[in-house]
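Data block below; observations after.
Quick note: the coordinates plus some simple rules give every number you see, no bench work behind them. The shown structure was predicted, so the numbers you read here are calculated from the model rather than taken from an experiment. With ideal geometry, Cβ positions are generated from the backbone for all residues, glycine too; neighbour counts draw on all protein chains shown.
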Amino acid sequence: MNYIDYIVIAAYILFFLYLGMRFKDNSTAKDYFLGGKSFGWIALALSTAATQLSAISFISAPAFVGLKQGGGMMWLTYEFAVPLAMLFLMVFLIPPLYKSGIVSVYGYLEKRFSASTRVILSIVFQFSRAFATGVMVYTVALILMSVLNIEMWQTIGIVGIVTLIYSYQGGMKAVVYGDVIQMTILLIGMVICFGYGLHHLGGWEVFTEQVDRERLQAVNFSSMGLEKGDEFGFWPMLLGGFFLYVSYYGTDQSQVQRLFSAKSLDTVKATLLTNGLMRFPITFFYCLMGLVIGTLVMSQPEFLAKIPKDRPDYMIPIFIRDYLPHGIIGILIVAIFSAAMSSLSSAINSLSAATVEDLFNRNKQLDDATYMRYSRYTALFWGVFCLITAFFTGDIAKTVIEAINKIGSVFYGPILATFIAAIALKRVTSQGANIGLIVGVLTNIYLWLFVPDIFWFWWNFIGAAVTLTVGYLSSLAFPPQEHDSLNLLDHKFEFDVKRGLILIGFFILIVIISVNVPNMF
């Protein structure tokens, strides 16, 4: 890096500090956590996509596709369930949550069941999200420190302090509009890496001649994920992925808070439709970028020698450092910082919202001034907590993607089942819901510890099925209590035919494309 790169990075940092000041005038919860419900679908869709295209994805996914042993285009199967999950959210889950006027998604569970259900799930979300965010920041810092001669504390400081300042001041508006900018930078970064990778390799024809054909296989219909090493099969990725994505986008505060910030329910549906259509092309492109750069690595022994054998994630940062011109290096480093900042800012704002709404203001007793003071204090607390976690993460980050996804999959299915019961099953009571939730989580933990042959993607489906079954059966022994608000269930589910057919058609299209990847090169 030289002075041009540092100027680019400095300009980026100053802009985001300005962004926080630009949106600092928040006086209510609706302003601070929901952006005054003023967002259109374009901003929300880009913000959601930016959070998904995290620093881990920008660095690790291309390395998995292009370099990691056992990797390849099978990464595309992560996307199969997304369009169907968006359709389910659009029709079933999000409309009643949006119409209830809540800030924290867990507030719906208290309205329907009890305070204990709300508080338990909110606390689980808060600490699991804070831990995962800290691991993400550490991983980015570790890689940048190793390949770009940046000290660990400097990297964490830049990402953490700048993000904390603009999130603390600007609330949800700073988060969403910051994400839009960061998404743009990430897309530019991917195009630059792809283009320079092809250039250094010698062009598209050289790439297609030298690419490892085994890495082009994306879909495996025979694998069921029921034996050790038997992963990424069509059915576990589709069924397990469906429950994972519905839960993540529909019950995880860090994601659903964006939907609650929409101008209207139609804006919410447009956002879900756009996200369902946007993710696969982006994923396909950064997988292609990984294939190109991975092929370059294997064609140049000196490049391969620079990448530690047990750390393929170094591929992209080393490529940026050694194969791009100055100024462009700065832009790409900014892209990595952008991805990390997007995930961190989203986490800070959603953690603050969950803490204030679910722990301090459950009974709506706080006036606006006190509410805003608590909101900013908790944003500061969680920002510092995530950064401290990043400093002390250590070797946990070596398996960061698997660790975070496994931890999430223990809870996603049971949490989703609890919301499904709250919205659609009148017979399920608060006691039954709590029992089902506990048994569902314990079942997944048992599978993790004692049945390692079952692919962890299945946990999302299994946990949901167990939670619903046990919750319903347990409720037969417990009559509805006074706080079981069955009147919340009186709403109609409307199927948007046009959007529904688009998403179903797109699901079929991405499966066909993925199956035919080997024939494209």
Angle between the Cα long axis of helix 458-475 and the longest principal axis of the chain, 0 to 90 degrees, nearest 10?
0 degrees
Which ordering of R362, R427 is given by a fewest-first count of other beta-carbon atoms within 10 Å?
R427, R362
The FRET efficiency for V206 and K426, from their Cβ-Cβ distance with R0 = 51 Å and rounded to 0.05, is 0.20
Protection-proxy order for peptides 338-349, 175-186, each taking the mean of Cβ atoms within 10 Å per residue, highest first
338-349, 175-186
Full-extension gain in nm, F495 to A11, via 0.36 nm per residue minus C-alpha separation:
169.6 nm
Counting sequence-distant residues (5 or more places) and residues on other chains, those with an amide H built under 5 Å from that of G233 are G225
If each residue's Cβ is checked for other Cβ atoms within 10 Å, how do D252, D313, D368 rank with the fewest at the top?
D368, D252, D313
Measuring from the longest principal axis of the C-alpha atoms of the chain, the long axis of helix 400-424 (C-alpha) lies at a number of degrees, nearest 10, equal to 30 degrees
How tilted is helix 328-355 with respect to the longest principal axis of the chain? Cα atoms for both, answer in degrees (0 to 90, nearest 10).
10 degrees
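At 25 °C and 0.890 mPa s, grab the translational diffusion coefficient of region 3-520 from Stokes-Einstein with a Kirkwood Rh over Cα pairs, rounded to a whole number in µm² per second. Display every interim value, and only then the final one.
Working: Rh = 23.4 Å.
Once the numbers are plugged in, D ends up at 105 µm²/s.
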Label I407 and F521 with points 7 Å out from Cα along Cα→Cβ: what is the distance between them in nm?
3.3 nm
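At 222 nm, what value in deg cm²/dmol follows for the chain if DSSP H runs of at least 4 each add -39500 (n - 2.57) and the sum is divided by all its residues, to the nearest 500? Can you show the working numbers first?
Details: 21 runs with 363 residues, N = 521.
-23500 deg cm²/dmol, from helical runs alone.
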Phi-derived 3J(HN,Hα) across region 154-161 with the Karplus relation (6.51, -1.76, 1.60, θ = phi - 60°), rounded Hz, x for Gly and Pro, is 5, 5, 4, x, 4, 4, x, 5
